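The values are calculated or read from the model by the stated rules, or taken from the named source; none is laboratory data. Source: prediction; values computed, not measured. Every residue, glycine among them, receives a Cβ derived from its backbone with ideal geometry; neighbour counts consider all protein chains shown.
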């Protein structure tokens, strides 16, 4: 079993020696952010207990501020918004309101439910963020890993505006089929129907969204090849796409660095918010 796992390019723990250390660090950074950054916790965007997000604000009275929505990863089956509060440090330092989204986890729900949840979270932001001093006309999104996959589902309709200016997709999964034969088969058992209907590589996208596709330079091969394929797919549809390999970064250090000032990842996030 362990030999099989060692070869599984999707089993992050096998390829990132400091996996547990990084998780402990982001949890600690998130506690600090919740203690130190002005916030409104557990805003409901739906009726289910899992359908909430936390809002974080720059200092001072918010007025027509840019808004940035972050969707966490964990292969649709682990982590929560609380583990990723630290990303609000970068977002609020850039002068924007941070929306850190929670959603239900597989296998308790199927992937289509989660996609519907993040879409309803976006709809809430567009409809209500002005009440919190945000400007819904200046909305950007980012996501990591499965969160990058979910972020694409917020602008995957080319027939009308998504109301999203830009997206940063970090270490994303854009073709689900290979995951069916990964270690995840035992954990979330992605179905043929899910792989066919919810792979971003088969969708069309809002051509007005500027997309940054980033991957840690040290990530395993599928993350690089999927990023390359998805960038091509979007460019063919007329989207403005930039691609970045984050120097020296792996699948976990890249997302930690989104919340660490002065890193290449946080610079990308700053740039996105300023678009």
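Scan segment 47-62 and give yes if some residue there is modelled with pLDDT under 95, out of contact with any helix residue (DSSP H, G or I) (no Cβ under 9 Å at 6 or more places or on another chain) and at positive phi, otherwise no. Yes.
Of all the listed residues (270, 163), the sole one being touching a helix residue (DSSP H, G or I) at 6+ places or on another chain (Cβ under 8 Å), over 23 Å from residue 16 (Cβ atoms) and assigned to a helix (DSSP H, G or I) is 270.
Summed over segment 131-151, residues that are part of a helix (DSSP H, G or I), farther than 18 Å from residue 75 by Cα and in contact (Cβ under 8 Å) with a residue 60 or more places away in the chain total 1. Pairing each residue of segment 85-108 that is in contact (Cβ under 8 Å) with a residue 12 or more places away in the chain and at positive phi with any residue that is in a helix (DSSP H, G or I) and buried (at least 22 other Cβ atoms within 10 Å of the Cβ), provided the two are 6+ apart or on different chains, yields C-beta distances under 9 Å for 95/273. Test residue 225 against the criterion of being over 13 Å from residue 149 (Cα atoms) and either crowded, with 19+ Cβ neighbours inside 10 Å or touching a residue at least 40 places away in the same chain (Cβ under 8 Å) (or both), and give yes or no. So residue 225 does not fit the description; no. Each residue in segment 230-256 was checked for being surrounded by 17 or more Cβ atoms within 10 Å (Cβ to Cβ) and more than 17 Å from residue 174 (Cα to Cα), and 8 of them qualify.
From the list 173, 169, 154, the lone residue that is modelled with pLDDT of 95 or more, in a loop (DSSP other than H, G, I, E, B) and closer than 18 Å to residue 216 by Cβ is 173. Counting only residues that are outside any helix (DSSP H, G or I) and surrounded by 20 or more Cβ atoms within 10 Å (Cβ to Cβ), segment 189-205 holds 4 of them.
For residue 70, are the conditions met, namely being more than 16 Å from the chain's Cα centre (by Cα), surrounded by 22 or more Cβ atoms within 10 Å (Cβ to Cβ) and modelled with pLDDT of 95 or more? Taking the combined requirement at face value, the residue does not satisfy it.
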